[in-house]
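Notes follow the structure.
The values are calculated or read from the model by the stated rules, or taken from the named source; none is laboratory data. Just so you know, these numbers come straight off a predicted model, no measurement behind them. Counting neighbours? That spans all protein chains shown, and the Cβs are built from the backbone with ideal geometry, glycine included. Side chains included, ligands, DNA and RNA excluded: accessible areas come from the protein's heavy atoms. Shrake-Rupley method; radii C 1.70, N 1.55, O 1.52, S 1.80 Å.
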Amino acid sequence: MSEPKDRVVVASDVNPRDGIGVEIYRDDELVVEIFRDDTERTRTVTVFKESISLELMEESIQTFKREISWDFIEYDE
């Protein structure tokens with residue numbers, strides 16, 4: 001039996017939201033997205049499967065913290 005193949009994609013988005021995040025793929029299926037929205041000043045988690053393991057969620061959060069700056073980008077208004 002083979003281990004699941006995980007892949008991380010760092011992706012930015014500018015419309016309709018404005019920020020950056022990580023997408024976590026398992027066996028080429030998107031399972032989790034963690035996103036920092038600089039306009040709304042929020043960080044959100046979206047799960048694309050009915051359930052995922054706690055270990056995968058914890059690994060995803062650690063990946064987000066390692067790959068994405070915690071600080072929001074300040075925009076001049």
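Given the criteria open to solvent by 80 Å² or more (accessible area, probe 1.4 Å) and touching a residue at least 12 places away in the same chain (Cβ under 8 Å), does K65 qualify? Judged against the criteria, K65 is not a match.
Taking the stretch 49-60 as the search range and keeping residues that are surrounded by 12 or more Cβ atoms within 10 Å (Cβ to Cβ) and among the hydrophobic types (A, V, I, L, M, F, W, C), which one is nearest to E33 (Cα to Cα)? Steps first, answer last, please.
Initially, the stretch 49-60 is screened for residues surrounded by 12 or more Cβ atoms within 10 Å (Cβ to Cβ), giving 52, 56-57, 59-60.
Checking which are among the hydrophobic types (A, V, I, L, M, F, W, C) leaves us with 52, 56-57.
Values: I52: 12, L56: 12, M57: 10 Å.
Looking at residues that are surrounded by 12 or more Cβ atoms within 10 Å (Cβ to Cβ) and among the hydrophobic types (A, V, I, L, M, F, W, C), I get M57.
Candidates are the residues of the stretch 61-77 that are among the hydroxyl-bearing types (S, T, Y) and under 17 Å from the mean Cα position of the chain (by Cα); the one that is nearest to T39 (Cα to Cα) is S69.
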